[in-house]
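See structure below.
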Amino acid sequence: MAGVDGAYDCVAKTPLGEQKGVLTVISSGDSFHGTFAGMMGSLDVAEGKVQGNKLSWKMNMTMPMPITMDCEAEVSGDSINGTMQLGAFGAAGFSGTRRV
């Protein structure tokens, strides 16, 4: 298992308030796939890239409106911190802890 792999309990601070979800990361070399499952359903990771302990990916949200979110994060131990670009709504920071 790579150092970034796992399921992270995350909280994103969005314009709609705090959104809780679980980010799952399954890496393969310099790429990864997974999902972000939360109150709005489950979003698939697209174009997931791994560079050391840094991750970048996109997610295509359809509800409540269609937005392609550009995301990046850094894993440090069992913690993850990052940002999600929410189109016209700006950026939302998020943080989480890996489940053990």
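Show the residue pairs that are 6+ apart or on different chains and have beta-carbon atoms under 7 Å apart, the first residue being within the stretch 82-95 and over 16 Å from Gly21 (Cβ atoms), the second being surrounded by 15 or more Cβ atoms within 10 Å (Cβ to Cβ) and modelled with pLDDT of 95 or more.
Within 7 Å, the pairs are Gln85/Asp70; Ala91/Thr83.
Can you name every residue in the stretch 20-48 that is of a type in the set (D, E, K, R) and under 18 Å from Ser79 (Cα atoms)?
If the condition is that a residue be of a type in the set (D, E, K, R) and under 18 Å from Ser79 (Cα atoms), then Lys20 is the only one that fits.
Taking into account only those residues within the stretch 1-21 that are buried (at least 17 other Cβ atoms within 10 Å of the Cβ) and part of a strand (DSSP E or B), which is modelled with the lowest pLDDT?
Looking at the filtered set, the residue picked out is Gln19.
Which pairs turn up if I take residues in the stretch 26-48 that are of a type in the set (Phe, Trp, Tyr) and look for partners that are open to solvent by 80 Å² or more (accessible area, probe 1.4 Å) and at pLDDT 95 or above with beta carbon separation below 9 Å, at least 6 apart in sequence or on another chain?
Phe32/Lys49; Phe36/Asp44
Sort out which residues of the stretch 77-96 are open to solvent by 80 Å² or more (accessible area, probe 1.4 Å) and part of a strand (DSSP E or B), and write them in order of number.
Within the stretch 77-96, Asn81, Gln85 meet the criteria.
Counting just the residues of the stretch 22-55 that are crowded, with 17+ Cβ neighbours inside 10 Å and under 16 Å from Leu86 (Cα atoms), which one comes out modelled with the highest pLDDT?
Selected residue: Val45.
The values are calculated or read from the model by the stated rules, or taken from the named source; none is laboratory data. Keep in mind that what you see is a predicted model, and the values were worked out from it rather than measured. We place every Cβ from the backbone using ideal geometry, glycine too, and count neighbours over all the protein chains shown. When the accessible area is computed, the model is the full protein with side chains, heavy atoms only, and any ligands, DNA or RNA have been set aside. Shrake-Rupley method; radii C 1.70, N 1.55, O 1.52, S 1.80 Å.
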